[in-house]
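The values are calculated or read from the model by the stated rules, or taken from the named source; none is laboratory data. Nothing here was measured: the structure is a model prediction, and the numbers come from that model. Here the Cβ positions follow ideal geometry from the backbone for every residue, glycine too, while neighbour counts run over all protein chains shown. In case anyone asks, the SASA skips ligands and DNA or RNA and just uses the protein heavy atoms, side chains included. Shrake-Rupley method; radii C 1.70, N 1.55, O 1.52, S 1.80 Å.
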Protein chains: 2
Amino acid sequence: MATIKDVARAAGVAPSTVSYVLSGSRKISADTRTAVQAAVEELGYHPNAGARSLRSTRTDVLALALPLSGHGYLPVGGRFMYGLSEAAGRHGYLVLLVTPPGEDDRGAGLERAARGRFADAAVLMGVEMEDPRVAAMRSLDFPVALMGHPDDESAAPWCDLDWEESVVSSVRALREAGHRRMLYLATVEEDVGSGRTYSVRGIRGAERAAAESGVAVDVCHSSDDPVELYRRLDARFDSDAPPTALAVQHPPAIPGILRHLAARGIEVPRDVSLVAIGNFPEDLGGLDVTRIELPVEQMSAAATRLAVEAIARVGDPGPFDDGDGGRAPHTLIPPRLIRGATVAPAP
Amino acid sequence: MATIKDVARAAGVAPSTVSYVLSGSRKISADTRTAVQAAVEELGYHPNAGARSLRSTRTDVLALALPLSGHGYLPVGGRFMYGLSEAAGRHGYLVLLVTPPGEDDRGAGLERAARGRFADAAVLMGVEMEDPRVAAMRSLDFPVALMGHPDDESAAPWCDLDWEESVVSSVRALREAGHRRMLYLATVEEDVGSGRTYSVRGIRGAERAAAESGVAVDVCHSSDDPVELYRRLDARFDSDAPPTALAVQHPPAIPGILRHLAARGIEVPRDVSLVAIGNFPEDLGGLDVTRIELPVEQMSAAATRLAVEAIARVGDPGPFDDGDGGRAPHTLIPPRLIRGATVAPAP
DNA sequence: CTGAAAGCGCTTACAG
DNA sequence: CTGAAAGCGCTTACAG
């Protein structure tokens with residue numbers, strides 16, 4: 001494989017000159033630049049990543065810390081990985097996947113990536129309200145960007161869909177259609193239990209919406225086990241005051257829910273209205289659901305930008321002194337309700 | 001951040017001794033080893049990845065080349081990324097995502113990763129029958145493992161589900177239930193057009209199954225556009241001899257297909273039987289489909305193993321002289337038909 | 001405008 | 001069983 005020396009020899013210049021041409025950090029005469037570029041092209045030269053990072057302490061790599069997933073692979077993960085990789089590429093970065101190793105070993109893969117300088121910064125997925133990875137990375141002075149809105153807004157740069165407002169908006173839309181008894185189906189219990197930010201903030205939204213609008217919003221957790229999920233739904237629909245509308249923050253469960261309700265003779269939106277919030281599977285059976293979609297591309301772009309900016313700030317003094325009351329740089333994405341065909345006036 | 005010198009000083013040994021303890025490539029006295037391990041633990045030492053790779057030409061990183069996707073992100077991709085990352089971790093490797101840059105720039109991201117020594121080998125996703133990336137990597141002497149069964153079986157190590165046999169098995173199952181007129185719904189046209197191995201081999205399977213079993217197997221391509229897809233289905237179901245069974249190699253389309261057929265008064269499996277082949281969305285509306293599933297974990301593990309073995313072979317003579325008629329090492333996974341509730345006797 | 005030289009942090013023959 | 005030393009391929013002050 002060609003090295004910088006080979007390029008220098010071919011272009012008739014010093015290796016340092018080749019380096020300067022490539023980095024653009026020094027004025028170079030047009031002739032020299034042309035000769036170097038020709039040699040680079042000719043030899044198919046790409047700088048050795050290891051040598052470059054050893055010398056410059058920059059790797060041009062972002063680590064993507066996958067969720068500390070209780071229940072294996074999450075379908076939404078793929079889109080984020082892809083979106084991150086695309087966004088990172090536009091900033092000149094490659095993305096390194098870091099899988100959490102074992103249950104009792106939270107963040108060790110990430111720590112290896114940080115301490116071993118495999119990457120310049122980390123983007124954390126599946127962030128929890130008090131995520132232990134944040135403190136771990138901070139103690140290493142390793143830049144991070146969070147996909148999730150943590151409890152401590154000054155801990156690190158973060159971005160997220162405004163889940164609380166998303167649920168509030170959903171309830172409002174149902175209320176405006178005349179509904180007064182709603183069921184909010186939250187994320188699965190594991191997510192709530194581990195304090196995933198989207199879970200906790202979604203539930204907060206349901207509580208605030210109930211308080212503000214004066215309608216009844218029953219909170220029920222979803223389940224990956226269909227039998228258990230349908231049992232919970234049945235308990236509500238069998239009650240004296242069954243809900244007339246659903247706000248569901250677990251879109252993959254929707255096809256099954258619709259089938260189950262249909263088997264009970266309950267049709268959407270004739271008998272019950274539906275708003276869904278989150279990441280959607282490719283095909284919901286052609287159903288045009290009224291919904292708020294998780295803006296994966298937008299979040300990926302924001303997280304990448306926050307990470308790149310954090311890299312530039314390494315070594316800066318104190319916490320974020322940007323006059324935002326100590327909050328870290330962040331992007332809170334407002335919800336956008338897409339009106340589909342699953343909300344009808346209350347009976 | 002702690003370096004090997006810091007560890008050596010803390011343990012009272014030479015840096016080289018620390019290196020030998022960590023690599024295990026030399027006999028070390030128990031006392032020395034203990035002292036070094038304590039110092040490593042104490043300081044939270046992890047070797048600098050750049051320095052290590054510069055010296056040893058091993059990065060402990062596998063590049064994962066994402067599909068040259070005509071239609072953006074593919075849902076199946078996420079599972080493979082996750083599976084690869086887990087499998088790689090078990091071998092001590094991290095995974096670097098390499099997104100294809102532009103349409104006219106096929107493999108340039110991959111080339112940068114290879115020439116710049118960002119990784120020790122590459123796993124290629126979305127492999128095409130004659131994939132240009134294979135030749136590109138071979139000319140660089142860069143090890144690869146293919147997720148897909150290419151035309152030239154000697155080109156590089158590969159692994160895949162036996163798609164041809166999968167479709168043959170599906171047709172056989174339908175034939176045994178008495179069906180004589182089937183519709184095989186192939187992958188979307190873009191995949192066929194670009195020569196994705198699963199597309200091409202699936203269609204070959206349909207052709208072979210028809211020839212072998214003497215039943216009529218009409219081949220129709222799926223479409224990501226539901227309107228177009230339903231138009232194609234309608235054309236078949238409106239004909240004089242409509243199919244009594246479907247073999248579908250595009251599972252995400254199934255909920256929509258079922259809805260569309262139901263709207264025409266066609267019920268599965270009462271009026272038409274269904275076998276599906278490929279990667280399945282999380283929830284098909286609770287439907288228990290007779291199917292052959294893409295074994296994502298198994299393929300991820302196989303691809304990782306093939307890549308790691310290929311790294312060990314770098315610099316070896318000639319092509320693969322393992323007495324397999326010039327075929328490269330490979331794993332062809334036989335299909336496993338899971339009997340669900342969507343196949344009924346032919347009317 | 002360009003070059004010679006130091007050194008980043010490792011690994012691995014070489015030596016004892 | 002252990003250490004001293006060379007050198008991987010870059011980048012970046014230092015010098016002219």
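Details
- Taking every DSSP helix (H) stretch of at least 4 residues in chain B, weighting each as -39,500 (n - 2.57) and dividing the sum by the residue count yields a mean residue ellipticity at 222 nm of -13000 deg cm²/dmol.
- Label spacing, shortest first and in nm, from residue A:241 to its equivalents in the remaining copies (7 angstrom along Cα→Cβ): 6.3
- Selection from B:178, B:50, B:205, by position along the positive dipole direction of chain B (Cβ): B:50
- Segment A:73-232 - Debye-derived log10 I(q)/I(0), Cα point model, q = 0.11 Å⁻¹: -0.55
- Note on residue A:5: accessible area approximately 130 square angstrom, rounded to 10, probe 1.4 Å, nucleic acids and ligands left out.
- Stokes-Einstein translational diffusion, the protein assembly as shown - Kirkwood Rh over all Cα pairs, 0.890 mPa s, 25 °C, in µm²/s: 88 µm²/s
- Electrostatic dipole magnitude of segment A:163-294 [Cβ: Lys, Arg +1; Asp, Glu -1; Cα centre; debye, to 20]: 380 debye
- Cβ-defined net charge surrounding residue A:273, 14 Å radius [Lys, Arg +1; Asp, Glu -1]: +3
- Other protein chain C-beta atoms within 10 Å of residue C-beta, averaged over A:246-256: 2.
- Net charge of neighbours whose Cβ lies under 13 Å from the Cβ of residue A:91, counting Lys and Arg as +1 and Asp and Glu as -1: -1
- Interface burial for A against B (accessible surface, 1.4 Å probe, total of both chains, Å², rounded to 100): 4600 Å²
- With the convex hull of its Cα atoms as the shape, segment A:104-170 has an orientation-averaged projected area of 5.0 nm².
- Solvent exposure of chain B, expressed per residue, is 43 Å² of accessible area, with all protein chains present and a 1.4 angstrom probe.
- For the pair residue A:297 and residue B:31, label points projected 7 Å from Cα toward Cβ lie 6.6 nm apart.
- Accessible surface of chain B [probe 1.4 Å, protein heavy atoms]: carbon and sulfur percent: 49 percent
- Pairwise label distance in nanometres, residue A:154 with residue B:212, each label 7 Å out on the Cα-Cβ vector: 6.9 nm
- Solvent-accessible area of residue A:20, all protein chains in place: 70 Å² (probe radius 1.4 Å, heavy atoms, ligands and nucleic acids excluded).
- GNM top mover of A:55, A:291, A:259 - chain A, alpha-carbon springs below 10 Å: A:55
- Take every DSSP beta bridge whose two residues both sit in segment A:163-294; close to 0 percent of them are antiparallel.
- Closest approach to the axis carrying A onto B, counted by Cβ on chain A and given in whole Å with its residue, is A:78, 1.
- A Förster distance of 30 Å, applied to the separation of the beta-carbon atoms of residue B:263 and residue A:129, puts the FRET efficiency at 0.10.
- Subtracting the Cα-Cα distance of residue A:23 and residue A:204 from their residue separation scaled by 0.36 nm leaves 60.3 nm.
- Magnitude of the charge dipole for the protein assembly as shown, about its Cα centre and with charges confined to Cβ atoms of Lys, Arg (+1) and Asp, Glu (-1), is about 1260 debye.
- Expressed to the nearest 5 percent, the antiparallel share of DSSP beta bridges inside the protein assembly as shown is 10 percent.
- Cα gyration tensor shape of segment B:163-294, rounded if a/c is under 1.5, else prolate or oblate by comparing a/b with b/c: rounded
- Here residue A:30 yields copy-to-copy label distances, from shortest upward, of 7.4 nm, the label point defined as 7 Å from Cα along Cα to C-beta.
- Per-pair calculated FRET efficiency, R0 = 51 Å: residue B:140 and residue B:288 via Cβ, rounded to 0.05: 0.60
- Remark: mean inter-chain Cβ contacts per residue of B:123-134 equal 0, using a 10 Å Cβ-Cβ cutoff to other protein chain atoms.
- Share of alpha-carbon pairs per 10 Å distance bin for segment B:157-239, given as whole %: 18, 44, 33, 5, 0
- Take each residue of peptide B:42-50, count the partner chain Cβ atoms within 10 Å of its Cβ, and average: the result is 6.
- The coefficient of translational diffusion for chain A, derived via Stokes-Einstein from the alpha carbon Kirkwood radius under 37 °C and 0.692 mPa s, stands at 144 µm²/s.
- Selection from B:143, A:95, A:17 lying farthest towards where the dipole of the protein assembly as shown points positive, charges on Cβ: A:17
- Local electrostatic count at residue A:241 - Lys and Arg +1, Asp and Glu -1, tallied over other residues with Cβ under 10 Å: +1
- Distance between the 7 Å Cα→Cβ label points at residue A:327 and residue B:271: 5.6 nm.
- For residue B:339, inter-copy label distances in nm, listed shortest first [label point 7 Å out on the Cα-Cβ vector]: 5.1
- Probe 1.4 Å, all protein chains present, accessible-area order of A:189, A:212, B:153, largest first: A:212, A:189, B:153
- Cα pair distances of segment A:4-47 binned at 10 Å [whole percent]: 34, 62, 4
- Span-rule helices in chain A, defined as complete DSSP H runs reaching 15 Å or more along the axis (Cα) with Kyte mean at least 0.0: A:296-313
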